[in-house]
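Accompanying notes for the structure given below.
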Amino acid sequence: MKIIFSHNGASFETDYPGTGAGHAKLYRVPVEYSEDGYYIGVWQDTEIEPEPGCAVGEARLLCHARLENNGADGGGLLLKTLETYDGAECHA
């Protein structure tokens, strides 16, 4: 499943690699850590959450999305945005 984040006119696309429930987060980070100033973490519920490796307090969460199973019949995944800050958006 493709997930698209947007913030301040910039757009970032990532793939969700799993078929089970999970999360995706977009962070603003220092350009010394990431050239474009953003970090995307994507993980399944059975995995440990990846976090930016910059100094504590330098990463700012912009968007947190949850991917949930769409019914018991294997209907795929639904993307639900849980938190957004500073005008960030997320969609599939």
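Summary of computed values
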item	result
Scope the stretch 5-18; condition free of Cβ contacts under 8 Å to residues at least 24 places away in the same chain and part of a loop (DSSP other than H, G, I, E, B); matching residues	Gly9
Every residue from the stretch 24-73 that is farther than 15 Å from Thr14 by Cα and aromatic (Phe, Trp, Tyr)	Tyr33
Some residue of the stretch 19-31 being assigned to a loop (DSSP other than H, G, I, E, B) and buried (at least 17 other Cβ atoms within 10 Å of the Cβ)	yes
Subset of the stretch 32-60 (residues that are assigned to a loop (DSSP other than H, G, I, E, B), closer than 21 Å to Thr81 by Cβ and either hydrophobic (A, V, I, L, M, F, W, C) or touching a Cys at 6+ places or on another chain (Cβ under 8 Å) (or both))	Ala59
Qualifying position, being touching a Ser or Thr at 6+ places or on another chain (Cβ under 6 Å) and modelled with pLDDT of 95 or more, among Val42, Val29	Val42
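Yes or no, residue by residue, for (1) modelled with pLDDT of 95 or more; (2) out of contact with any Leu (no Cβ under 8 Å at 6 or more places or on another chain):
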{"site": "Asp36", "(1), (2)": "yes, yes"}
{"site": "Glu51", "(1), (2)": "no, yes"}
{"site": "Ala55", "(1), (2)": "no, yes"}
{"site": "Leu61", "(1), (2)": "yes, no"}
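The values are calculated or read from the model by the stated rules, or taken from the named source; none is laboratory data. Just so it is clear, the structure is predicted and the values come from calculations on it, not from any experiment. As a convention, Cβ positions derive from the backbone with ideal geometry for all residues, glycine included, and neighbour counts pool all protein chains shown.
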